[in-house]
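Taking it in order: structure first as structure tokens, then the write-up.
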Amino acid sequence: QVQLVESGGGLVQAGGSLRLSCAASGIIFRFITTRWYRQAPGKQRELVAGIISGGKTEYADSVKGRFTISRDNAKNMVYLQMNSLKAEDTAVYYCNIPLNRDYWGQGTQVTVSS
């Protein structure tokens, strides 16, 4: 059974950094696509970044140049390094695996104070 667990969220001042982690059980990240989404209060969940099995990455325009998605195959972890954080980055961040259905973690809260 596939399970995803996010960690690393917290409260940070604008301009600061956080690194989110996504741990998986029941699946191996390096063989699949993994994505980070976020959902702010009152807004729809939106795609933030993704990494495919070959390592190619994609980013939402709003985070390009500030966020970096990466994968550690040895640890079977996916990360989201977030730099130059802005108040509008405040949201719950979710790790996602699109397979026969979407698998989601429980989310981790990121709050950026201005």
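The values are calculated or read from the model by the stated rules, or taken from the named source; none is laboratory data. On a predicted model such as this, the values are computed, not experimentally measured, just so you know. Neighbour counts are summed over all protein chains in view; Cβ atoms, including those assigned to glycine, are modelled from backbone coordinates with ideal geometry. Only protein heavy atoms, including side chains, enter the accessible area calculation; ligands, DNA and RNA are left aside. Shrake-Rupley method; radii C 1.70, N 1.55, O 1.52, S 1.80 Å.
Only one of Ser25, Ser53 is at pLDDT below 95, touching a helix residue (DSSP H, G or I) at 6+ places or on another chain (Cβ under 6 Å) and among the small types (Gly, Ala, Ser). Can you tell me which?
Ser53
Hand me the list of strands (runs of 3 or more DSSP E) wholly inside the range 26-114 holding 3 or more residues that are under 10 Å from the mean Cα position of the chain (by Cα). Explain how you work it out, then say what you get.
Values: elements: 34-39, 46-51, 57-59, 67-72, 77-82, 91-98, 102-104, 108-113.
Filter on the range 26-114 gives 34-39, 46-51, 67-72, 77-82, 91-98.
Just to be sure I understand the filter: pairs with C-beta atoms under 8 Å, separated by 6 or more residues or on different chains, first member in the range 83-110 and more than 17 Å from Arg45 (Cα to Cα), second member basic (Lys, Arg). Which pairs pass?
Within 8 Å, the pairs are Asn83/Arg66; Ser84/Arg66; Leu85/Arg66.
I need the full set of residues from the range 63-114 which are exposed (fewer than 15 other Cβ atoms within 10 Å of the Cβ), among the small types (Gly, Ala, Ser) and more than 16 Å from Ser53 (Cβ to Cβ), in order please.
Hits for the range 63-114 are Gly65, Ser84, Ala87, Ser113, Ser114.
Hey, could you check the range 2-24 for residues that are among the hydroxyl-bearing types (Ser, Thr, Tyr) and open to solvent by 50 Å² or more (accessible area, probe 1.4 Å) and say which is nearest to Val112 (Cα to Cα)?
Top of the filtered list is Ser17.
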